[in-house]
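Notes to accompany the following structure.
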Amino acid sequence: MEFAQLQDPIGAVVVTCLENLNVALLATLPGVMAAMIQSRVDRIKLALATRLYLSRDATEVADVRRFLELIALRPFEMRILRLIPVDMNLPVGLLSLCITYLIVLAQFHG
């Protein structure tokens, strides 16, 4: 009987840990995806810059230069409600916010 009673709390802890991991991943994935997209944009810009210097066609050079200017004017960025930037700092900020409020709650409780 004691063994069966010990399995239930351990199972509950495992389920709780998995649920918390799921919530943490869902909160951090937008920042990770934004960083991956930004990395891809940087590689495209590098490929275009290489093409700009290697090309001998005047129209292609003009098109590439115009596109690079457009990218410089409107860089890639994701924002939540045009207020909160979504990048790799988002997960760190969320973790900092959670820890801060956990400390505040611990001080009020104890």
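The values are calculated or read from the model by the stated rules, or taken from the named source; none is laboratory data. All values derive from a computational prediction rather than experimental measurement. Reconstructed Cβ throughout: ideal geometry from the backbone, glycine too, with neighbour counts over all protein chains shown.
So here's what we get for this one:
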item	result
The range 55-76 - residue that is of a type outside the set (A, V, I, L, M, F, W, C) and loosely packed, with under 12 Cβ neighbours inside 10 Å and, of those, nearest to MET33 (Cα to Cα)	PRO75
SER39 more than 22 Å from the chain's Cα centre (by Cα) and not β-branched (Val, Ile, Thr)	no
The range 87-101 - residue that is modelled with pLDDT under 85 and among the aliphatic types (A, V, I, L, M) and, of those, surrounded by the most Cβ atoms within 10 Å (Cβ to Cβ)	LEU90
Scope the range 44-61; condition farther than 24 Å from PRO75 by Cβ and among the hydroxyl-bearing types (Ser, Thr, Tyr); matching residues	THR59
Condition check for GLY31: part of a helix (DSSP H, G or I), surrounded by 13 or more Cβ atoms within 10 Å (Cβ to Cβ) and in contact with an Asp or Glu (Cβ under 7 Å, 6 or more places away or on another chain)	yes
Residues of the range 32-67 satisfying the condition of being in contact (Cβ under 8 Å) with a residue 24 or more places away in the chain, within 30 Å of LEU95 (Cα to Cα) and either out of contact with any strand residue (DSSP E or B) (no Cβ under 6 Å at 6 or more places or on another chain) or aromatic (Phe, Trp, Tyr) (or both)	VAL32, ALA35, ILE37, GLN38, VAL41
Residue in the range 75-85 that is among the charged types (D, E, K, R) and at pLDDT below 85 present	no
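Okay, residues lined up against (1) acidic (Asp, Glu); (2) within 26 Å of the chain's Cα centre (by Cα):
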position	(1), (2)
ALA47	no, yes
THR50	no, no
GLU60	yes, no
ARG66	no, no
LEU97	no, yes
LEU105	no, no
